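No lab work stands behind these numbers, since they all come straight from the coordinates. If you're wondering where the values come from, they're calculated on a predicted model, not measured in any experiment. Cβ sites come from the backbone with ideal geometry, for glycine too, and all protein chains shown count toward neighbours.
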Protein chains: 2
Amino acid sequence: MKNRLKVLRAEQNWTQEELAQRVGVSRQAINAIETEKYDPSLPLAIKLGKLFGKPVEEMFALDENTDHG
Amino acid sequence: MKNRLKVLRAEQNWTQEELAQRVGVSRQAINAIETEKYDPSLPLAIKLGKLFGKPVEEMFALDENTDHG
DNA sequence: CCTAAATGTCAAGTATACTTTACATAAAGA
DNA sequence: TCTTTATGTAAAGTATACTTGACATTTAGG
């Protein structure tokens, strides 16, 4: 998965900590998602979509390649 | 989370097994999601959205209540 | 009624998405 | 330079999302 989280957060001038609090996860979780260590859960992705006013699939996109998530 | 998976699948006259194969998971996973035992991962939710031609947040909705996913 | 297909569910194992704590580094300002 | 803030990362633990295999129940058709 690719994601536009870092950019969207920067547009709002929010720190990772600030964003984390807004969606109810830890700062490290936000960092891990931005640096693509793992994908957010679906509920978290939906919360982020609501917060940034973007559809989920606009923020998070599957990799082109065949199999791997 | 609530989801409209069972209805959408029925509209296409697909079995759980058929749907599972199309999105690359086990039949039991589809069943567990339809019966709301757990939420799909984000990549799976996006695949399902593509397959049914629906935005993710139209297929899967956060619970009204405060905290729990 | 009998059978087969579809669905529901359980158990046990693995992978992924988190948590907290901790520490290293880079940038910005006094 | 010293300190503060933001970020990156790691380890260890827990919760959740899957897997396969098995079996019970429901549904549809003969």
Exercise. Looking only at other chains, what is the average number of their beta-carbon atoms within 10 angstrom of each beta-carbon in A:54-61?
Worked result: 4
Exercise. Rounded to the nearest 500 deg cm²/dmol, what is the calculated helix-only ellipticity per residue at 222 nm for chain B, with -39500 (n - 2.57) per DSSP H run of length n ≥ 4?
Worked result: -14500 deg cm²/dmol
Problem set entry | Distant alpha-carbon pairs in the protein assembly as shown (separation over 28 angstrom), percent | 19
Seminar exercise, completed: Summed over the other residues with a beta carbon less than 10 angstrom from that of A:GLY49, with K and R at +1 and D and E at -1, the charge totals 0
Seminar exercise, completed: In whole percent, the Cα-Cα distances of region B:2-60 spread across 5 Å bins from 0 upward as 4, 21, 36, 32, 7
For this session: For B:LYS6, put the label point 7 Å out on the Cα→Cβ axis and report which residues of region B:34-49 keep their amide N under 18 Å from it.
Result: B:34-40
Exercise. In peptide B:32-41, how many Cβ atoms from other protein chains are near each Cβ within 10 Å, on average?
Worked result: 1
